[in-house]
Structures are given as structure tokens and as C-alpha cells.
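Heads up: the structure comes next, in C-alpha cells.
Bear in mind these aren't lab numbers, they're just calculated from the coordinates by the rules spelled out. On a predicted model such as this, the values are computed, not experimentally measured, just so you know. Positions of Cβ are generated from backbone atoms using ideal geometry, with glycine treated the same way; all protein chains shown enter the neighbour counts.
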Amino acid sequence: QVQLVESGGGLVQAGGSLRLSCAASVSIFRFNVMGWYRQAPGKQRELVASLASSGYTNYADAVKGRFTISRDNDKSTVYLQMNNLKAEDTGVYYCNSVRMNFVWGQGTQVTVSS
């Protein structure tokens, strides 16, 4: 069973930056379109960024131009660089494939103070 472990969250002021990491227990990124999701308080989990094995990326409109998804296949790790953070970026961030076929990790909390 693949385990996904997210890290890198924290408390940051609006305009600040964070870099999230998602480590997988086995190498899965070459064969899956990976995504970063977030769940804001009281809201459903949403996909904010995805990265295909080809390198193609896609972003939700709300984060386009501010977030960058990348991966290191050798380290089985996917990253989310988040710049110019806004209060509405607050939430728990998770990674998974876009098919959501792996067990969810515990996520990492991002809190942006305005």
C-alpha cells in the first residue's frame, strides 16, 4: 500500500511563501498524474494543482501564477511552491493522484494570516 506523507505547512503572513512536500513510500510519480488538493474549513476538498509524467501542469484559477507544482522522481517527492499567499489559501493540503486512488495522508496545515 502506498503511503503519502505531506509536510511543510505552517503559519505565514499574507504575501509570504511556503514549500510543501509530499513523499511517497514507493515510486509512483512516473505513472500517475499527481495533484495537490486543499480543504478549507467547512469546504470540500479541491484540486489546486496537477502534474503529469510528461511534465504538463495544470492549476486552479485561484492559484494560477502563484503556485508551482514539481516533482523529484528519484526522491519520490512532489512539491508545491506557494508564493504570495492569501488568507483564502488557508486549509489542509494533501497530495494524491488525480484519480485519488491512493490512501490519503494526514495532510499539512497551511494558515495564512491577513
Exercise. Which lysines, on any chain, are close to Lys43 with Cα under 21 Å apart, when same-chain ones fewer than 8 places away are left out?
Worked result: Lys64, Lys86
Problem set entry | Separation of alpha-carbon centers, region 43-114 and region 1-41, rounded to whole Å | 6
For this session: Order these peptides, 99-109, 78-88, by their mean beta-carbon neighbour count within 10 angstrom, highest first.
Result: 78-88, 99-109
Problem set entry | Net charge of neighbours whose Cβ lies under 14 Å from the Cβ of Ala49, counting Lys and Arg as +1 and Asp and Glu as -1 | +2
For this session: Give, in nm to one decimal, the length gained when the segment between Val33 and Lys75 is fully stretched (0.36 nm per residue of separation minus the Cα-Cα distance).
Result: 13.5 nm
Problem set entry | Other-chain or far-sequence residues with amide H under 5 Å of Phe102's (modelled H) | Ser97
For this session: Determine the gain in length on full extension of the stretch Gln3-Gln106; use 0.36 nm per residue of separation and subtract their C-alpha separation, reporting nm with one decimal.
Result: 36.1 nm
